[in-house]
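The values are calculated or read from the model by the stated rules, or taken from the named source; none is laboratory data. Here the structure is a predicted model, which means the values were calculated and not measured. Because the Cβ atoms are built from the backbone with ideal geometry, glycine has one as well, and the counts that use them run over all protein chains shown. Heads up: the accessible areas ignore ligands, DNA and RNA and are worked out on the full protein's heavy atoms, side chains in. Shrake-Rupley method; radii C 1.70, N 1.55, O 1.52, S 1.80 Å.
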Amino acid sequence: MRTTRREALAFGETHYYTGKPCKHGHIAKRYAASGDCSACSLVIHHRPENMERCRESAKAWRVENPERHRLSQKRWKEENTTLVRSYRKSWVERNPGKALECSRAGAKKYRIANPGKRAAYQALREARKIKATPKWADHNSIRAFYEACPKGYHVDHIIPLNNPVVCGLHVLENLQYLPAADNIKKSNVFKERWHE
């Protein structure tokens, strides 16, 4: 990090660090744009009388600088991957219904944006099913099992058709009903009695 404001501005950086205390005694980074101490700024922004004004100011800045905001968000996420991952995980645990809706909406958006990739994936999945279906499989029973699948559930292969350790067969004995959220979470992981 640059040690002077002039250097930080010359290199297009947002902060610099002198190592010296500000007039309030904080030894913290300073903003290149204003020279203000970031610790002082934090204290000021968190005063109840200033919070709403700061929120509105930040919102207006994001609207005026969408590209800079996007890059800033991206950089922060790259620097805080563990924090982002743990936050997402806790959010999904607190909001399972909404997480499933978001997952479905994202999948639908991806399918619309990438029809070729989606078609290739479906073809590969069907080929795996055909390859995993032995001659002695009862196709009528398998079809009936799929048709009887309860609403909100998926037909799942207990031993997945595609797994690095073990691959199952596309037969009635390897099928089970799983809640949609559990099936999406399971993916191609082999776990006996996933739903218990």
Legend entry - Magnitude of the charge dipole, the range 1-111, Cβ model with Lys/Arg +1 and Asp/Glu -1, debye to 20: 440 debye
Inset, instruction - Could you tell me what percent of the accessible area of the chain is made up of carbon and sulfur, with a 1.4 Å probe and every protein chain present? - result: 56 percent
Inset, instruction - Under a cut-off of 27 Å between alpha-carbon atoms, report the lysines in cross-link reach of residue 29, not counting same-chain residues fewer than 8 places apart. - result: 20, 59, 74, 77
Legend entry - Per residue accessible area of the chain, 1.4 Å probe, in Å²: 77 Å²
Inset, instruction - Please report, largest first and rounded to whole Å, the three semi-axes of the ellipsoid equivalent to the range 54-144, where each semi-axis is the square root of five times an eigenvalue of the C-alpha gyration tensor. - result: 43, 17, 14
Inset, instruction - Kindly point out, ordered by number, any Cys in the chain whose beta-carbon has no other cysteine beta-carbon under 4.7 Å away. - result: 54, 102, 149, 167
Legend entry - Computed [θ] at 222 nm, helices only, for the chain once each DSSP H run of length n ≥ 4 contributes -39500 (n - 2.57): -17500 deg cm²/dmol
Legend entry - Cα-centre dipole for the chain with unit charges at Cβ (Lys and Arg positive, Asp and Glu negative), debye to 20: 580 debye
Inset, instruction - Could you size up the charge dipole of the range 1-42 around its Cα centre, putting +1 on the beta carbon of Lys and Arg and -1 on that of Asp and Glu, and report it in debye to the nearest 20? - result: 120 debye
Legend entry - Positive-end residue, the chain charge dipole about Cα centroid, Cβ charges, pick of 86, 114, 26: 26
Inset, instruction - Give me the net charge of residue 123's neighbourhood, meaning all other residues with Cβ under 12 Å from the Cβ of residue 123; Lys, Arg count +1, Asp, Glu -1. - result: +4
Inset, instruction - Can you sort 83, 161 by 1.4 Å-probe accessible area, starting with the largest? - result: 83, 161
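How long is the gain from residue 13 to residue 146 if the chain were fully straight, where each residue apart is worth 0.36 nm and the alpha carbon distance is subtracted?
Numbers: separation 133, 0.36 × 133 = 47.88 nm, distance 5.79 nm.
So the chain would gain 42.1 nm between residue 13 and residue 146.
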